[in-house]
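S.K.: My structure is below; once you've seen it, I'll send some questions.
None of the figures in this text is laboratory data; all of them are computed from the coordinates on show. Just so you know, these numbers come straight off a predicted model, no measurement behind them. Glycine gets a Cβ as well: all are built from the backbone with ideal geometry, and neighbour counts include every protein chain shown.
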Amino acid sequence: MTDVRPDDLRQISEAHDRLRAEIGKIVVGQEVVIEQMLECIFSRGHALVVGVPGLAKTLLISTIARALSLDFSRIQFTPDLMPSDITGTEVFQEDKTTGQRSLCFIHGPIFSNVVLADEINRTPPKTQAALLEAMQEGQVTAGGQIHLLPSPFFVLATQNPIEQEGTYPLPEAQLDRFMYQIKIGYPTEDEELEIVRRSSSKAEVVIDRVLGAEDIQRMQQLVRHAPVADHVIRYALRLARSTRVPGPGEEDRRPKVIKDYIGWGAGPRASENLILAAKAKAILAGRTHADIEDVRAAALPVLRHRVLTNFNAEADQVGPDDVIRGLLEAIEVADEDASSLKEVDRLMG
């Protein structure tokens, strides 16, 4: 197990601040969105970015890749896109000296550190499924051969929430592979003014390299190995399990907002990602361990795409975010959780 040392926390906090400063040279505002993307990256997760056109989703993702000194590729998903267009394909190559032909695998655009899957719901499920193995296993199988993807590897997919004609909604199995669903909203008036000023200027902005692949992998290890107390884990479990229908013999303790508006709840991967996200928030903020407030702060991006609202929610115009906020109000912090500081001290040595 890797110890989280004070020097490590200081270096991570400084790198985090420099990274945000470099991204801010290009992207105006969107502080919460940037923070959530970085948390997802340093947790070794993938993100689904949802926002209307023109909000600089592509620019933001490519800028992060530049600041992290990572390879970046963009895949524009269309109805005629085939799985091999993403993963790559085998072609015949001829040896000019011997004249013999052999199959050679040509890497597709997914063989990159940061992959932008633009408008992922524009392509049929067969092509969407081509991302599943890559996102979960970090590899691509073609012609019976396994081809490892570069490390680190992140998929940042985008969706347009307003234009649904001719789209293929992502199945729940693939949605669950995304650690976060990040929502991008319109900028404020002052932010939009600065955007227009920058876009009308001819000045070229240079993004300095802040971190490299090895630095990112080391930070990912620190996040994974950061200590977390059992009372924080129990709170994350209560949040996730409160969205599900109880099993046989279990008491139904779901809050009223869940009973009224949720048709299907979040699975165990939600609990895992709540804790990972909480640890990433703590480490990037320069703290040695995650607390319950970190879990609460991660609840919206972790849970909003993992709970399915029912007809009652649609009729009452209640969305997943409204339900999750109601869940956070209903699931109070237990007394034994709030007073479990001795366990944190034990974990910290």
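S.K.: Can you compute the radius of gyration and Dmax for the stretch 30-150, using only the Cα atoms, both in Å?
M.R.: 16.7, 59
S.K.: Here's a follow-up. Apply the Karplus curve 6.51 cos²θ - 1.76 cosθ + 1.60, θ = phi - 60°, to the phi angles in the stretch 125-131 and return the couplings in whole Hz, x for Gly and Pro.
M.R.: Calculated HN-Hα couplings, in order: x, 4, 6, 4, 5, 5, 7 Hz.
S.K.: How big is the convex hull of the Cα atoms of the stretch 227-347, per residue, in Å³? Display every interim value, and only then the final one.
M.R.: Details: hull volume 12.6 nm³, N = 121.
Considering the Cα atoms of the stretch 227-347, their hull volume per residue is 104 Å³.
S.K.: Taking θ = phi - 60°, what integer Hz values does the Karplus form 6.51 cos²θ - 1.76 cosθ + 1.60 yield along the stretch 136-143, in sequence order, with x for Gly and Pro?
M.R.: 8, 9, x, 8, 10, 10, 9, x
S.K.: Mind checking the stretch 52-97 for trypsin sites (Lys or Arg not before Pro) that DSSP puts in a loop (not H, G, I, E or B) and that have at most 12 other Cβ atoms within 10 Å? Walk me through the numbers on the way to the answer.
M.R.: On the way: sites: 57, 66, 74, 96; in loops: 96.
When the trypsin sites (Lys or Arg not before Pro) of the stretch 52-97 are filtered for loop state and at most 12 Cβ neighbours within 10 Å, 96 remain.
S.K.: Still on this model: Between the stretch 219-280 and the stretch 29-64, what's the alpha-carbon centroid distance in Å?
M.R.: So the separation of the two Cα centres works out to 24 Å.
S.K.: Taking the inverse of the average 1/r across all pairs of different Cα atoms in the chain, what Kirkwood radius in Å do you get? Please report the intermediate quantities before stating the final value.
M.R.: Details: mean 1/r = 0.0455 Å⁻¹.
Evaluated over the chain, this radius sits at 22.0 Å.
S.K.: Can you give me the long-range amide H partners of residue 183? Hydrogens built in the peptide plane at 1.01 Å from N, cutoff under 5 Å, separation of 5 or more residues or another chain.
M.R.: Sorted by chain and number, the residues that satisfy this are 50.
S.K.: Run lengths n ≥ 4 of DSSP H only: what is the helix-derived mean residue ellipticity at 222 nm for the chain, with -39500 (n - 2.57) per run over all residues, to the nearest 500?
M.R.: Numbers: 17 runs with 161 residues, N = 349.
Here the helix-only value at 222 nm equals -13500 deg cm²/dmol.
S.K.: Okay, moving on. Enumerate lysine pairs in the chain that are 8 or more residues apart or on different chains, then count those whose Cα atoms are under 25 Å apart.
M.R.: Summing the qualifying lysine pairs gives 12.
S.K.: Which ³J(HN,Hα) values, rounded to whole Hz and listed in residue order, are derived for the stretch 277-286 from phi using the Karplus coefficients 6.51, -1.76 and 1.60 in 6.51 cos²θ - 1.76 cosθ + 1.60 with θ = phi - 60°, glycine and proline given as x?
M.R.: Along the stretch 277-286, the couplings run 5, 5, 5, 5, 4, 5, 5, 5, 8, x Hz.
S.K.: Let me ask something additional. What residue among 207, 275, 331 shows peak mean-square fluctuation when the chain is described by a Gaussian network model with Cα springs under 10 Å?
M.R.: Answer for the Gaussian network model of the chain: 331.
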